[in-house]
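Peer 1: Below you will find the structure I want to go over with you.
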Amino acid sequence: MNLFGKTAALLIGTIIMFSQTSAISAQDKAERDYKECYVLMEPTTKTVIREKNSREPVHMGSFNKLMTVLLTAEAMDRGELTLDTEIAASENANSKQGAQIWLMPGEKSTVSEMLKGVIIGNANDAACVLAEKVGGTEEKFTELMNARAAELGMTDTVFTECTGYYNDDAQHTTAYDAALLLCELSVHDELTDIFVTRLEEIKDGKVQLVTSNPMGHRYKGSVGFKCGTGPSSGYFAAEGAHRDELSLVCAVLDCKEEDRALGLAAELLDIGFGGYTVKSLSIPEDMPEKIAVKNGCVREAVISVENLGSVLIAKGSEDNIKASVILPSYVYTPVKKGDKVGELRFYCGEKLLKTVELRAAENADKKSVLNVLSDVMKYIVEF
């Protein structure tokens, strides 16, 4: 057999082997049970509206990339990057398989193009370029991913690399953790245009990107995000939308089919927008301005109230919100500025919606002999 024949045979054998491997992988995924985990959450209050199997760990697939996107956006917030910053692809990025935009070692592209490659095109090489720019190396960036997950309260999430394509069996999350990530991502308005783009060209028109997330440009009020799968994961849909002052995020994980994941996400968002609203809270009229102080240099201390924020509530129940002031008759000194002195509790019927701490707005020192003498001297001088 000549060299051409050997090469052709090797190529055909490789294709056959790849096809058989893909078929086995697809068969394994088709035969396993899918958990269909989901959470519908309001991002400001972190209120869960609907959930199912929300704390069940599952493989995350390319959902992984949304943490890569978040850390890149936060690096831009810190002024370390801009959308126009040019970054060069490494050998490591060039070696990435699966979805890619065919970056050559040393090739320079902007952060904007890399984000488009990741968000729209699901490109593994682009994700690696961003990871190495933000973290220095992919390994150090992975440490940042896990550290940020811990900060966000994603206690059942593990990242091992930046794409979701490799080592998928070792990476996992839950629908609840995924929703927490989406809440944080939803505040980055600078990414919305990319998230909801259906079709884009990068690299001077040499690469055309087509989104795999149809809800981004079809669902009313969408702020985007992502859908997809991974070598070991089911299909997921990570979606967010904003209508009439209400924002919602929805994480659907481990579905057998993509249409099922997208359908569930749309259904859940419809439930949220159809039945709920956000109500800003206000200080009740019977809220005291001061609290009595025992054994102090002053008789009263001013009370401060932290930002009340808002609550998620069923439509039509806005006027049923009641506030209860929980304060003792007095507090003992010493009292430091910022010390908790009581609570404001907001209810709808018997359901507790939110608790807000009441704090001292000033110091109240304990009365001592020196304090008494000082007061006497002041009185004598004034007299």
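The values are calculated or read from the model by the stated rules, or taken from the named source; none is laboratory data. The structure displayed is predicted, hence computed values, not measured ones. Counting neighbours? That spans all protein chains shown, and the Cβs are built from the backbone with ideal geometry, glycine included. Areas reflect the complete protein model, heavy atoms only, side chains present, ligands, DNA and RNA absent. Shrake-Rupley method; radii C 1.70, N 1.55, O 1.52, S 1.80 Å.
Peer 1: Ordered by residue, what ³J(HN,Hα) values in Hz, to whole numbers, does region 157-163 give under the Karplus form 6.51 cos²θ - 1.76 cosθ + 1.60, where θ = phi - 60° and Gly and Pro are x?
Peer 2: 10, 9, 10, 10, 6, 9, 10
Peer 1: Also: When the helix-only estimate is applied to the chain (DSSP H runs of n ≥ 4, each -39,500 (n - 2.57), divided by the residue count), what is the mean residue ellipticity at 222 nm, nearest 500 deg cm²/dmol?
Peer 2: -10500 deg cm²/dmol
Peer 1: Express in whole angstrom the spacing between the alpha-carbon centres of region 321-346 and region 87-111.
Peer 2: With region 321-346 and region 87-111 each reduced to a Cα centre, they are spaced 57 Å.
Peer 1: Would you kindly state how much longer the chain becomes between LYS294 and GLU357 on full extension, computed as 0.36 nm times their sequence separation minus their alpha carbon distance, in nm to one decimal?
Peer 2: Result for the pair: 20.6 nm of gain on full extension.
Peer 1: On to the next question. Going highest first, how would you order 194-200, 67-73, 270-276 by mean Cβ packing within 10 Å?
Peer 2: The most tightly packed comes first, giving 67-73, 194-200, 270-276.
Peer 1: By how many nm would the segment from SER112 to THR45 grow when fully extended, if each residue of separation counts as 0.36 nm and the alpha-carbon distance is taken off?
Peer 2: Once the chain is fully extended between SER112 and THR45, it gains 21.1 nm.
Peer 1: Do any of LYS35/LYS220; LYS108/LYS226; LYS315/LYS351 go past 22 Å between their Cα atoms, and which?
Peer 2: Checking Cα-Cα distances, LYS35/LYS220; LYS108/LYS226 exceed 22 Å.
Peer 1: Could you sort the peptides 284-292, 236-244 by per-residue average Cβ neighbour count (10 Å cutoff), highest mean leading?
Peer 2: 236-244, 284-292
Peer 1: MET154: net charge of surrounding residues, Cβ under 9 Å, Lys/Arg +1, Asp/Glu -1, itself excluded?
Peer 2: On the way: positive: ARG148; negative: GLU151, ASP156, ASP177.
Neighbour charge sum, excluding MET154 itself: -2.
Peer 1: What order do you get for 245-255, 201-211, 182-192 when each peptide is scored by the mean count of other beta carbon atoms within 10 Å, highest first?
Peer 2: 245-255, 182-192, 201-211
Peer 1: Let me ask something else about it. Give me the distance in nm between label points sitting 7 Å out from Cα along the Cα-to-Cβ direction at ASP319 and LYS337, one decimal.
Peer 2: 4.2
Peer 1: Quick check for you: with a 1.4 Å probe and neighbouring chains kept, what is the accessible area per residue of the chain, in Å²?
Peer 2: Ligands and nucleic acids excluded, the result is 52 Å² per residue.
Peer 1: Determine the sum of side-chain charges near PRO214: Lys and Arg each +1, Asp and Glu each -1, restricted to other residues whose C-beta is under 11 angstrom from that of PRO214.
Peer 2: With Lys, Arg at +1 and Asp, Glu at -1, the net is -1.
Peer 1: Please report, as a whole percent, how much of the solvent-accessible surface of region 95-191 comes from carbon and sulfur atoms (probe radius 1.4 Å).
Peer 2: Here it works out to 50 percent.
Peer 1: Taking only Cα atoms, what is the 0 to 90° angle, nearest 10, from helix 3-31's long axis to the longest principal axis of the chain?
Peer 2: 40
Peer 1: Describe numerically, in nm with one decimal, the distance between label points set 7 Å from Cα along Cα→Cβ at ASN146 and at ARG243.
Peer 2: 4.1
Peer 1: Let me check I've understood the local charge: for ASP339, count other residues with C-beta under 12 angstrom from its C-beta, Lys and Arg +1, Asp and Glu -1. What total comes out?
Peer 2: +2
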